[in-house]
Each structure stands twice: as C-alpha cells, then as structure tokens.
Amino acid sequence: MNDVPHNAPGQQWQASRYAHNADFVPALGSTVATLLDPKSGERILDLGCGDGSLTEVLAKSGAKVIGVDASPDMVEAAKARGLDARVVDAHHLPFDHEFDAVFSNAALHWMLNHEAVIASVHRALKPGGRFVAEFGGHGNVAAICTALLAALQARGISGKARFPWFFPTVEEYSTSLQAAGFTIDSIELIPRPTPLPTGMAGWLATFANPFLHGLEEEVREAILDDAIGLLSHSLSDSHGNWTADYVRLRLKAYR
Ligand code: BEZ
C-alpha cells in the first residue's frame, strides 16, 4: 500500500444539488453504456454509481447490477430507485472474481490512487471479464482548472496541493491497465464540449469545493467570481450560455 491519498478532501456530494446542476452527466453516459453492452443474467458492478440513474438503465438489460459509491448521500438516492447500492471505497473493493463486467462513468477521475483502483477492479472481475469505463482524460476541464489555480494563486494559495482530480493520458492509463494484467480492447481520448444547464456558477458550486476547502466564505466567493470572470472569455457565448471543456477517456479492457 503506498501513501498516495485516495480522495482529495472537501468534496461534498449532495444528490439533490448534483441532479440540479449535473443531470447531463448520466445522460451523456449512454455511449459508454452501449460499449458495455450488458446482457441479461450478467453480474455487473457499477463503480461510482452516483445517484443510480445510469445504473438503473443498465439494470433494464436484465443484468444483476450492484452500484457502489463513496458517498452515503448518493447511495441513499440510488437505493431510493430500488437499486442494490452500497457505500464502498473503490480503492478497496470487497469483491473477488465475481463480476462479468465492471462499469464506470464519470467517476474514476475522483479516485487519486488509480493503481489501487485498477487492482481492485481486476480482482473483482471473473477471468475474461470486461472493464468498461469513461472518465475525465488528459486536458479535461483544463480552462476551468487553470482559472481556479490562477484565482487561488492571486491570493497566495497553492491550488496544486488542493487539486482533486486525476486526468491521465492514454499512454499513462494503458501502462497501468497492462501492468495490472488487463488486455486493452480500445482506449481513446475524446473531446466533448459540454453545455452547462446552470452555467459555470452551478458547475463550480457542485464540483469545485476541494479547491476552496477551509477558506473563509468571503474568500471563497471572491475566488469563484474571479474564476468565472477569467472563464467568461473562453467558455461563455454572447448570450451567456456556458460550455465546459470536457475531454473523455473511454476504454474497454479484459481481465
Ligand atoms: C468530469 O466528469 O469530467 C468531471 C466532473 C466534475 C469535476 C471534474 C471532472
């Protein structure tokens, strides 16, 4: 076990706020769900299931799907849909050779010790089982990250120490998958500009807490205002519509 932290501190998951500001996340997960191609009777693990909206779609195939997430609030929301959902740390999955597939959408970039997660996924799969995932890849939300780092730096605060995400290149992630014993079927980076229904303020309110953790309310607000000001030139159009600079890393690999 190495000493890489598992998750950056400060992220608070509130299922209702997530549903309001980020309901596009599961909606845009349909391509990776198609890549998974779940079959009736299969046992599938949804890693980082959030409020279960995509887990529910997978379960409609007739597969037996278990959702796991580190957030108790999200797991409660998933259970309220009638799903089998559990609070579990993905770095230490309590499963041994029991799933036909492990699926994950928009979650793996929150898990900072990616080698521990990949080893855990490998252990959870049956021999020949598949790992199908999509998450933030290299260059994901780069403008947003730079604006937050600049707004923090202007106040003498190091944003690098607070950086909560892991956005690997194809080469980095492929090396880790292969080192763990996976055979890669496909892996690619896909730019996906993503309209933000509640603007940059809504996105930052949902996801940027780790950058602001422990700061006075007044300082937090000033940092967010500065970041939004910096970003308005590149990510907002003349009507005030915001688009985030998402880049997906999408993969399919076999154990
Ligand atoms: C993403 O899905 O790429 C993402 C979501 C929230 C924060 C950072 C990245």
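Quick notes
- Here A161 meets each of (1) closer than 20 Å to W110 by Cβ; (2) touching a residue at least 12 places away in the same chain (Cβ under 8 Å); (3) not in a loop (DSSP other than H, G, I, E, B) with one exception, condition (2).
- The listed residues are D84, D69, and the only one of them that is within 28 Å of G199 (Cβ to Cβ), of a type in the set (D, E) and either at pLDDT 95 or above or crowded, with 21+ Cβ neighbours inside 10 Å (or both) turns out to be D69.
- Any hit, region 121-136, residues being under 30 Å from A201 (Cα atoms) and either at pLDDT below 95 or surrounded by fewer than 18 Cβ atoms within 10 Å (Cβ to Cβ) (or both): no
- Residue that is nearest to Q14 (Cα to Cα) [pool: residues in region 74-113 that are within 16 Å of the ligand (Cβ to nearest atom) and either touching a Lys or Arg at 6+ places or on another chain (Cβ under 7 Å) or in a helix (DSSP H, G or I) (or both)]: M74
- Filter pass, A90 being at pLDDT below 95 and among the small types (G, A, S): no
- In region 205-225, residue nearest to the ligand (Cβ to nearest atom) [restricted to those that are touching a residue at least 24 places away in the same chain (Cβ under 8 Å) and outside any helix (DSSP H, G or I)]: A208
- Considering the conditions (1) away from the ligand (no atom under 16 Å from the Cβ); (2) in contact (Cβ under 8 Å) with a residue 40 or more places away in the chain; (3) of a type in the set (V, I, T), V141 is excluded by exactly one of them, (1).
- Yes/no for A119 being in a helix (DSSP H, G or I), more than 12 Å from the ligand (Cβ to nearest atom) and over 23 Å from I44 (Cα atoms): no
The values are calculated or read from the model by the stated rules, or taken from the named source; none is laboratory data. For clarity, every value in this text was computed on a predicted model and none was experimentally measured. Neighbour counts are summed over all protein chains in view; Cβ atoms, including those assigned to glycine, are modelled from backbone coordinates with ideal geometry.
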